[in-house]
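First comes the structure, then the notes that go with it.
The values are calculated or read from the model by the stated rules, or taken from the named source; none is laboratory data. Here the structure is a predicted model, which is why all the values come from computation and not from measurement. Here the Cβ positions follow ideal geometry from the backbone for every residue, glycine too, while neighbour counts run over all protein chains shown.
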Amino acid sequence: MTPVLELEGITKRFGAMTANDDVSLTLGQGEILALLGENGAGKTTLMNILFGHYAADEGTVRVFGEELPTGRPRAAIDAGVGMVHQHFTLAGNLTVLENVMLGSEPLASLRSARGAGRRKLMQIAERFGLPVTPDARVSQLSVGERQRVEILKALYRDARVLILDEPTAVLARPEAQRLFETLRDMTKEGLSLIFISHKLHEVMAASDRVAVLRAGQMVAERKTADTTADELAELMVGRKVERPVRRGHLIGSPVLVAENVRVEDKGEARLDDVSFAVHEGEVLGIVGVSGNGQADLGALLSGLKTPASGTLTLAGQDVGQIGPRGMIRAGVGRVPEDRHAEGAVGELSVWENAVLERLRSPDFSRRGFVRTAACKSYAAELIERFDIRGATPDTRTRLLSGGNMQKLILGRCLSIGPRFVLANQPTRGLDEGAISAVHAELLAARSKGAAILLISEELEEAVALSDRIQAIVKGRLSQPVAADDADARKLGLMMAGVWKEDHHAA
Amino acid sequence: MRLERRAHAPLHLIVIAPLAAIVAALFLAGGLIAAAGVNPFGAYAEMLRGALGSRLSVTEMLTRATPLILTGLAAAVAFRARLWNIGGEGQFFVGALITAWIGHSLSVPGPLGIPILMLAGMAAGALLLAVPAYLRLRFSVDEVVTTLLLNFIVILFVGMMIEGPLRDPLAFGWPSSVPVDGDFRLPDLVPRTRLHIGFLIALAAAGAVWLILARTVFGAETRAAGLNATAASFAGISLPRTLMGVAMLSGALAGLAGSVEVLGVTAGVTTTMSPGFGYAGIVVAMLAALHPAGVVAAAVFVATVFVGADAMSRATGVPSFIADVVVALCLLTMVVALMFTTYRVRR
């Protein structure tokens with residue numbers, strides 16, 4: 001294979017930290033290369049150097065044999081390299097066509113060039129199998145469609161090498177599968193692709209070759225056909241990782257019970273006739289495609305929303321109206337869906353976030369004054385006990401990696417020995433090492449008798465952790481099934497809303 | 001060129017930022033002074049001499065700094081919680097008016113009356129800000145608009161009161177309210193100057209505010225709510241209660257400024273008793289990066305500009321309005337300087 005892209009000896013330092021250490025990489029014509037690594041391994045930095053967003057301290061980038069000047073995105077684009085960022089860079093108030101043309105055509109002639117632009121866009125869309133409506137406003141498109149526009153934008157600029165940064169992070173699974181099929185077709189049209197990922201299953205499914213980055217160094221390269229997910233996981237993390245396994249044990253009496261709960265938002269039903277019971281020592285998994293009411297279920301159980309009708313009880317006490325503080329006092333541990341927006345205040349220190357939920361408890365304050373020393377020693381305990389890396393009690397929380405921030409939030413709600421735990425997408429965006437840590441903690445809480453409600457979009461996760469599973473579709477819950485009887489097909493059907501509506505009879 | 005967020009704002013930058021902002025503001029204002037045909041360096045030297053050149057001028061400057069410390073604290077407390085209280089001027093005036101009103105007819109011994117009058121001024125300021133805060137909570141009314149416009153209403157109301165029911169008959173037609181009883185005047189801090197113990201009260205207030213913000217549950221909850229309201233409310237912190245608490249504290253501080261100014265300096269209320277203490281408090285708070293200790297330093301600086309500008313004006317003929325220009329420019333340059341402490345420029 002002729003290399004279309006060669007990175008040689010790339011080194012990039014940020015202050016004392018070396019993000020990339022002597023990394024070399026080649027990409028062959030028509031190849032799909034997966035760049036695999038945990039969060040913080042240096043994948044994005046490497047691709048930003050290739051694309052000219054950062055200037056490398058050492059090393060060279062060659063595209064089609066020609067060396068690129070450093071630090072100039074325009075040079076990379078002109079050489080035929082396109083990048084699709086994880087967070088889209090589209091203008092929502094412009095149309096698809098305008099977004100695609102923006103930046104490659106002089107703005108003044110946008111209007112006159114539009115006819116030619118439209119023809120070129122439609123040609124590309126046809127050739128690569130990426131259907132679009134050129135005149136649709138981007139703000140009205142779904143996430144998957146927006147990503148397609150991002151790809152088209154790169155192709156419009158005659159990209160022959162395409163870099164996709166965590167392309168599936170924002171996609172639901174069927175959309176992700178469709179994306180990889182499309183990418184495969186695109187290589188037949190002569191494109192070469194690099195996609196960045198930390199998800200093993202998609203790397204195995206979609207790539208020809210895998211390059212594994214760990215702590216800034218290229219630790220391995222494998223042909224995808226010659227490797228296994230287990231080997232890649234080990235290479236990526238640097239040690240053997242096994243996700244913890246749920247073991248059967250006695251399940252106790254019901255702790256949290258919802259009966260015919262309805263939650264509304266501006267008069268519209270978000271949860272409708274929802275009933276479930278989570279028992280002592282049980283994990284109840286709620287699976288579903290994103291946007292089917294998970295957020296409202298999370299808000300309900302966090303105390304942020306109240307039932308419009310129906311009842312929510314914790315150990316027999318009504319907890320529908322008691323609010324977040326009441327929930328915390330009642331012994332409910334809550335892991336929110338979005339750790340940055342809800343879980344922690346990034347600008348506060350680790351110790352302040354550690355005690356934020358229980359500032360008013362006598363453990364942490366006396367007569368209105370914060371007992372700083374007690375708070376800090378509690379935070380130090382959490383750091384130790386939950387293996388929160390890179391943290392001291394005084395570290396600013398936003399400097400923690402996603403996994404360590406999640407461990408902090410998890411530690412905060414598990415350390416009090418909660419009766420009920422809400423875990424809403426607890427591993428979203430985490431890497432393999434952090435995922436197993438989070439799973440282990442949740443299962444440990446289950447062994448101690450906590451009732452856990454797990455909301456997840458990852459089927460493997462739901463099946464691995466849950467004792468029973470219910471699907472959520474358009475704000476309604478299916479009947480529970482035992483996780484041991486559930487296979488992907490059955491759950492897939494449940495998530496599509498195919499279940500017997502027999503609970504009125506039951 | 002792009003801006004990159006810093007992991008930590010380094011300490012030296014936090015100290016340098018306000019100094020750089022002040023230098024930049026003086027440089028820009030220097031252009032105006034030069035345009036007026038005066039050497040800016042000479043003019044600034046006059047300004048310094050006027051504010052710090054003698055014992056008397058220093059006491060005068062500290063007298064002026066006293067209400068600025070309090071209005072600066074009021075703004076700092078509110079801004080930390082993202083309550084945009086632009087109404088310090090109005091709260092200052094209600095505090096002053098209530099103090100003069102009650103202090104004119106109150107018949108208790110001085111040492112008892114002074115705290116009562118100060119509490120009354122604080123309560124008035126707190127109530128005045130509680131209204132916009134409530135409107136924001138209940139109806140999402142923008143408090144920038146309501147607090148700002150309330151200033152004009154309050155000043156007109158003060159004007160009405162001192163023309164009417166509270167008019168001082170002994171002021172020879174000069175529009176002033178009745179004075180507070182002589183027993184309630186704050187003792188001088190330095191004999192035969194205007195500097196009164198209100199300056200110490202302002203310093204104590206700065207200490208108290210620091211303690212509240214840094215060490216209490218209320219302070220911690222306020223900080224969390226100001227930095228990330230969603231996370232704070234997820235953690236069970238009541239946002240309405242925090243906001244109302246902040247509003248009461250902020251309004252009380254600005255009301256106290258008015259009260260202290262009446263008890264320590266003016267005795268009666270006039271509509272011209274404040275050269276914009278409430279608005280200048282916003283600049284003070286910004287220059288201080290919202291830190292209580294910084295507020296004291298920034299208030300001293302702004303007072304230096306205010307007092308020094310009068311001397312400069314007398315010596316050079318440059319209008320003393322230049323003081324307002326310098327202070328306003330400081331606000332703008334400080335906002336720019338703050339950006340550089342949070343972000344670094346990368347090429």
Item to check | Leading residue by the ranking (farthest from the chain's Cα centre (by Cα)) among those in the stretch A:327-353 that are more than 8 Å from chain B (Cβ to nearest Cβ) and small (Gly, Ala, Ser) | outcome: A:ALA330
Next on the checklist: part of a helix (DSSP H, G or I) and either within 14 Å of chain A (Cβ to nearest Cβ) or touching a Lys or Arg at 6+ places or on another chain (Cβ under 8 Å) (or both): which single residue out of B:THR63, B:THR71 fits that description?
Outcome noted: B:THR63
Item to check | Tally, over the stretch A:15-47, of residues that are crowded, with 22+ Cβ neighbours inside 10 Å and either at pLDDT 90 or above or in a strand (DSSP E or B) (or both) | outcome: 9
Item to check | Output for the stretch A:299-326, where each listed residue is charged (D, E, K, R), farther than 16 Å from A:VAL255 by Cβ and more than 8 Å from chain B (Cβ to nearest Cβ) | outcome: A:LYS305
Checklist entry - Could you list, in sequence order, the residues of the stretch A:112-158 that are of a type in the set (Gly, Ala, Ser), more than 20 Å from A:MET83 (Cβ to Cβ) and part of a helix (DSSP H, G or I)? => result A:SER112, A:ALA113, A:GLY115, A:ALA116, A:GLY117, A:SER139
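Results for (1) under 30 Å from B:ARG194 (Cα atoms); (2) at pLDDT 95 or above; (3) out of contact with any strand residue (DSSP E or B) (no Cβ under 7 Å at 6 or more places or on another chain); (4) surrounded by 20 or more Cβ atoms within 10 Å (Cβ to Cβ), shown as yes or no for each residue.
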{"position": "B:LEU213", "(1), (2), (3), (4)": "no, no, yes, yes"}
{"position": "B:ALA267", "(1), (2), (3), (4)": "yes, no, yes, yes"}
{"position": "B:PRO275", "(1), (2), (3), (4)": "yes, no, yes, no"}
{"position": "B:MET286", "(1), (2), (3), (4)": "yes, no, yes, yes"}
{"position": "B:VAL307", "(1), (2), (3), (4)": "yes, no, yes, yes"}
Checklist entry - Looking at the stretch A:289-298, is at least one residue among the polar types (S, T, N, Q) and within 12 Å of chain B (Cβ to nearest Cβ)? => result no
Item to check | Candidate set from the stretch B:17-53 (those that are without any contact (Cβ under 8 Å) to a residue 12 or more places away in the chain and under 26 Å from B:VAL345 (Cβ atoms)); member that is farthest from the other protein chains (Cβ to nearest Cβ) | outcome: B:GLY31
Next on the checklist: For the structure I just gave you, tell me whether A:SER112 is under 20 Å from A:LEU164 (Cβ atoms), in the same structural domain as A:PHE195 (by TED's automatic domain parsing) and at pLDDT below 85.
Outcome noted: no
Checklist entry - Do any strands (runs of 3 or more DSSP E) entirely within the stretch A:217-319 hold 1 or more residues that are within 19 Å of A:ARG334 (Cα to Cα) and modelled with pLDDT of 90 or more, and if so, which? => result A:254-265, A:268-279, A:283-287, A:309-314
Checklist outcome for this item: Of the conditions (1) under 23 Å from the mean Cα position of the chain (by Cα); (2) within 14 Å of chain A (Cβ to nearest Cβ), the single one that B:ALA130 does not satisfy is (2)
Checklist outcome for this item: Picking from B:LEU156, B:LEU150, B:LEU83, B:LEU56, the residue that is more than 25 Å from B:VAL305 (Cβ to Cβ), in a helix (DSSP H, G or I) and in contact (Cβ under 8 Å) with a residue 60 or more places away in the chain would be B:LEU150
Checklist entry - Do you know which residues across the stretch B:84-123 are of a type in the set (Gly, Ala, Ser), surrounded by 24 or more Cβ atoms within 10 Å (Cβ to Cβ) and either touching a Ser or Thr at 6+ places or on another chain (Cβ under 8 Å) or more than 21 Å from B:PRO67 (Cβ to Cβ) (or both)? => result B:GLY87, B:GLY88, B:GLY90, B:GLY95, B:ALA96, B:ALA100, B:GLY121
Checklist entry - Checking A:PHE386 against (1) surrounded by 17 or more Cβ atoms within 10 Å (Cβ to Cβ); (2) among the aromatic types (Phe, Trp, Tyr); (3) within 11 Å of another protein chain (Cβ to nearest Cβ), which test does it fail? => result (3)
Checklist entry - Does A:VAL287 satisfy the condition of being hydrophobic (A, V, I, L, M, F, W, C), surrounded by 24 or more Cβ atoms within 10 Å (Cβ to Cβ) and over 19 Å from the mean Cα position of the chain (by Cα)? => result no
Item to check | Residue check for A:ALA215: within 30 Å of A:LEU164 (Cβ to Cβ), among the hydrophobic types (A, V, I, L, M, F, W, C) and loosely packed, with under 14 Cβ neighbours inside 10 Å | outcome: no
Item to check | Failed condition for B:ALA298, given (1) under 19 Å from B:MET122 (Cβ atoms); (2) away from chain A (no Cβ under 14 Å) | outcome: (1)
Checklist outcome for this item: B:GLY245 passes all but one of the listed conditions (1) more than 14 Å from every other protein chain (Cβ to nearest Cβ); (2) modelled with pLDDT of 95 or more; the exception is number (1)
Item to check | In the stretch A:454-487, residue nearest to A:ARG419 (Cα to Cα) [restricted to those that are under 21 Å from the mean Cα position of the chain (by Cα) and in a helix (DSSP H, G or I)] | outcome: A:LEU465
Item to check | Only listed residue being in contact with a strand residue (DSSP E or B) (Cβ under 8 Å, 6 or more places away or on another chain) and at negative phi, chosen from B:ALA280, B:ALA220, B:ALA225, B:ALA247 | outcome: B:ALA220
